[in-house]
Every structure is written in structure tokens, then in C-alpha cells.
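Data first, discussion second: the structure below is written as C-alpha cells.
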Amino acid sequence: MTREGDWIQTYTGKRFFILDPRVEDFDIRDVAHALAMKCRYNGHCDKFYSVAQHCVHVADECEKRYPNHPSMARWGLMHDLAEAYLPDIPRPIKHMGVGILAKAETLIMACAVTVFQLYPSVEPKEVKAIDSALLATEAHQLMKQPPNDCQWFLPEPPVKLNIDPWYPWNAEEIFLSRYEQLFRGYGA
């Protein structure tokens, strides 16, 4: 069967078709490894800080705020899953719309919802708010101060968290451990 577009090779050696993802293409080891190797903020932070570590922090905060709703923590861990297969697109660029990358992200996340049995089928607004709160925390702790004439718009107050960046191999291991805790006996 012909698949749309071209493919990338994943960490585990699979072919992953960016514009034609299928359930069988996903492997949590690929997700954890790739997110652990990607630096947030397009690399413009003071220290290497991985997308995987960010996702763990979002999941932890979701679990704190919504202890009776494990689906929130699951979404928190997986909210940036598409970045395992795509570049980390900083929020200002993402909001401008990035054509084919936006389409690919939509396709990947739609398939991932099935693979990882995420509920609801779109990222909850509560998780987006926690993601924004982590952005505020990260901006204060990991970024240089912006010039006075161009302050960041941070819609949520920072989370009380002292960020100590993890090495990529630690981030991968911790991400996989959180995955096991949150998803054991629940889908993928």
C-alpha cells in the first residue's frame, strides 16, 4: 500500500510517514528518546532543557491540580508528542501557522490520540493552561531577560517549581517511567 509523503527513520528503526502516520508506526521509546534529545525554545535557553523534561513537569502539575482525573496527567505527558517527529516549533511561530508542519502536527496528534487512548480527543484547555504556566516558569528560570520594549505575554502565573535541567538520558528514562505510571494497564 502506498503511503503519502516521505518518511523519517525513528530511534527504534521504524519508518514514520509524517503526513500519513499509522497506529503501528508509534513506539513510546521513539517518543521518549526524541523528546529527550530536543531542546526547548529552539535552543535559546541558558542550559539544555529538553521537551521530555517539560512534558514530565506538565504531567506532574496536571496530576497535582487534577488528582481525580488521570486523563489530564496523561495529556500533560503527551501534549508535545508530535515534536518527537517534527521540529520543536516555538509558540510565536506556531501561532503564525506553518502550513505543512501544522498539517503534519494535526495528523500525528489525531493518530496518537488513538494509539495512546487519550481522552478527550483534543488537548484539554486545562492542560494548555498548565503548559502556559510552565512556560512562565521556564521563561523566568531558563531564559535571559527580554529587552524592556518587548516583554513576553505570559497568560498564566508561573508554577512553583525549581527547574534543574536533566541530561537527555535522564529525561528519557524519567519520561518512560512517568509513562508507565500513567498508562500501565491503560492502552498503549
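Within the stretch 150-178, residues that are of a type in the set (A, V, I, L, M, F, W, C) sit with their Cβ atoms under 8 Å from residues that are crowded, with 16+ Cβ neighbours inside 10 Å and assigned to a loop (DSSP other than H, G, I, E, B), at 6+ positions apart or across chains, in these pairs: ILE163/TYR49; ILE174/TRP166.
Between PRO165, PRO158, the distinction of being touching a Ser or Thr at 6+ places or on another chain (Cβ under 6 Å), within 20 Å of GLN53 (Cβ to Cβ) and either surrounded by fewer than 19 Cβ atoms within 10 Å (Cβ to Cβ) or of a type outside the set (Phe, Trp, Tyr) (or both) belongs to PRO158 only. Restricting attention to the stretch 1-51 and to residues that are in contact (Cβ under 8 Å) with a residue 12 or more places away in the chain and part of a strand (DSSP E or B), the residue that is nearest to the chain's Cα centre (by Cα) turns out to be SER50.
When ALA139, ALA129 are checked against the criterion of being modelled with pLDDT of 95 or more, over 30 Å from PHE17 (Cβ atoms) and over 12 Å from the mean Cα position of the chain (by Cα), a single residue qualifies: ALA129. Just to be sure before I move on: is ASN148 more than 20 Å from LEU77 (Cα to Cα) and among the polar types (S, T, N, Q) in the structure I sent? Judged against the criteria, ASN148 is a match. The single condition among (1) in a loop (DSSP other than H, G, I, E, B); (2) more than 17 Å from PHE17 (Cα to Cα); (3) within 15 Å of the chain's Cα centre (by Cα); (4) aliphatic (A, V, I, L, M) that LEU134 does not meet is (1).
Over 25 Å from ARG15 (Cα atoms), in contact (Cβ under 8 Å) with a residue 12 or more places away in the chain and in a loop (DSSP other than H, G, I, E, B) - does that describe any residue in the stretch 77-99?
Going residue by residue through the stretch 77-99, those that are over 25 Å from ARG15 (Cα atoms) are 90-97.
From what is left, the residues that are in contact (Cβ under 8 Å) with a residue 12 or more places away in the chain are 90-91.
From what is left, the residues that are in a loop (DSSP other than H, G, I, E, B) are 90.
So far as the stretch 77-99 goes, yes, one or more of its residues are over 25 Å from ARG15 (Cα atoms), in contact (Cβ under 8 Å) with a residue 12 or more places away in the chain and in a loop (DSSP other than H, G, I, E, B).
The values are calculated or read from the model by the stated rules, or taken from the named source; none is laboratory data. Everything numeric in this text was worked out from a predicted model, so none of it was measured. Glycine also receives a Cβ, built like all others from the backbone with ideal geometry; neighbour counts cover every protein chain displayed.
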